Amino acid sequence: MRILITGGCGQIGTVLSKALQDKHGFDNVIVTDIRSSPPFECMYEQLDVTDSNKLFYLISKYHVTQLYHLAAILSAKGEANPIFTWNINMNGLLNILESAKNYQLDRVFYPSTIAVFGLLTPRIDTPQHTNLTPETVYGISKAAGENWCNYYFKKYGVDVRSLRYPGIISWDTQPGGGTTDYAVDIFHKAVEIGKYESYIDHGTRLPMMYMPDAIKATLELMEAPKESIKVRTSYNVAAMSFTPAELAAAIKQHLPDFKITYQPDFRQAIAASWPESIDDQEARKDWNWQESYDLAAMTSDIIKNLTA
Ligand code: SER
């Protein structure tokens with residue numbers, strides 16, 4: 001097995017690349033990203049995902065059999081330049097799907113997101129199959145992307161699998177340009193300066209997941225037998241949901257002097273268009289999804305690691 005990962009130096013890509021190296025061998029994981037050099041030890045190639053020639057070249061050079069396509073521009077940053085965001089997110093995916101088809105690759109992973117949902121979607125226990133009218137360019141591109149994955153599976157037999165990640169929380173890698181980034185930043189500020197000003201309002205509940213669970217979900221989905229993957233757009237997956245106020249209260253259990261204030265900005269409207277909680281029973285049924293971390297377990301693990 002030879003894996004190529006795009007966006008491999010991002011928040012999820014960094015952790016996923018290392019997990020794939022551990023599982024499949026250092027030399028079997030080709031990490032790519034837009035930056036010129038990687039922040040960790042890996043087999044590295046610089047790649048702009050809109051450059052299909054370079055992508056095709058790397059696939060043949062390394063005899064790649066699987067792709068993990070993590071490169072994308074996220075919800076908050078994407079709003080600053082909608083057409084640029086659409087170009088990266090959409091043409092990047094189409095290059096990946098075309099290469100999977102042309103080189104007959106075994107498997108492709110494509111991350112989708114809770115940002116595919118919008119104001120017309122039921123906000124509590126959001127169903128797997130529901131209205132997708134997203135409010136952001138990022139959400140529009142991921143909703144379209146899910147449908148392209150389904151299309152390539154049905155039309156060309158490309159075994160592409162996808163998860164609708166909730167907000168992903170990590171302590172050792174930084175998110176870039178998302179709406180849920182507050183839930184990462186708050187931990188660093190809590191440990192470093194004891195206070196945090198949240199750009200999301202105190203009562204806005206969002207679905208979230210701790211990084212080890214996100215990696216586990218990704219690897220389990222990719223290892224599941226082909227017949228058990230029934231959803232070929234993208235699976236709902238959930239672990240926990242909380243508001244900034246609830247997250248602050250969980251942090252206070254460990255750092256009693258921690259103070260939070262609220263100064264909502266444009267990201268509040270994005271957050272308010274997303275679900276509060278997700279119904280992920282299809283993932284639980286089809287490939288036995290089960291999270292390991294709730295809010296309390298995640299909070300104590302992050303604070304232990306950051307204070308160490
Ligand atoms: N974490 C992402 C964002 O906030 C959601 O997929 O944009």
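No value in this document is a laboratory result; all are computed from the given coordinates. None of the values given here were measured: they were computed from a predicted structure. Every residue, glycine among them, receives a Cβ derived from its backbone with ideal geometry; neighbour counts consider all protein chains shown.
A few points about this structure:
- 5 angstrom amide H check on Ser112, placed H, neighbours 5+ away: Leu163, Arg164, Tyr165
- Length-normalised contact order for segment 114-243 - Cα pairs under 8 Å, 6+ apart - percent: 29
- Charged-residue dipole, Cβ positions (Lys, Arg, Asp, Glu), the chain about Cα centre, Debye nearest 20: 540
- Counted by neighbouring Cβ atoms within 10 Å, the residues Thr130, Thr261, Thr204, Thr113 run from fewest to most as Thr261, Thr130, Thr204, Thr113.
- Overall form of the chain per C-alpha gyration tensor (a/c, 1.5; a/b vs b/c): prolate
- Each of Val49, Val191, Val116 has some number of other Cβ atoms within 10 Å of its Cβ, and from fewest to most they run Val191, Val49, Val116.
- Other residues within the sphere of radius under 11 Å centred on the Cβ of Asp201, judged by their own Cβ, net out at +1 (K and R +1, D and E -1).
- In order along segment 106-123, the phi-based Karplus estimate (6.51 cos²θ - 1.76 cosθ + 1.60, θ = phi - 60°) of 3J(HN,Hα) comes to 5, 7, 10, 10, 10, x, 9, 6, 5, 6, 6, 8, x, 5, 8, 8, x, 8 Hz; Gly and Pro are listed as x.
- Helix 137-156 and the long axis of the chain differ in direction by around 30°, with both axes built from C-alpha atoms.
- Judged by the ratio a/c of the largest to the smallest principal axis of the C-alpha gyration tensor, segment 234-281 counts as oblate, that ratio being 1.5 or greater while a/b is no larger than b/c.
- Descending semi-axes in Å of segment 58-202, equivalent ellipsoid built from Cα gyration tensor: 30, 19, 14
- Candidates Gly145, Gly194, Gly92, ranked by Gaussian network fluctuation over the chain, Cα under 10 Å, top entry: Gly194
- The relative contact order of segment 212-308, computed from alpha carbon pairs under 8 Å that lie at least 6 residues apart in sequence, is 47 percent.
- Prolate/oblate/rounded label for segment 18-67 (Cα gyration tensor, a/c 1.5): oblate
- Segment 257-308 versus segment 7-33: alpha-carbon centroid distance in Å: 23
- When each of Lys18/Lys54; Lys77/Lys189; Lys54/Lys189; Lys54/Lys142; Lys61/Lys226; Lys77/Lys285 is checked by Cα-Cα distance, pairs over 29 Å: Lys54/Lys189; Lys77/Lys285
- Dividing the mean sequence gap of close Cα pairs (under 8 Å, 6+ apart) by how many residues the chain holds gives a relative contact order of 18 percent.
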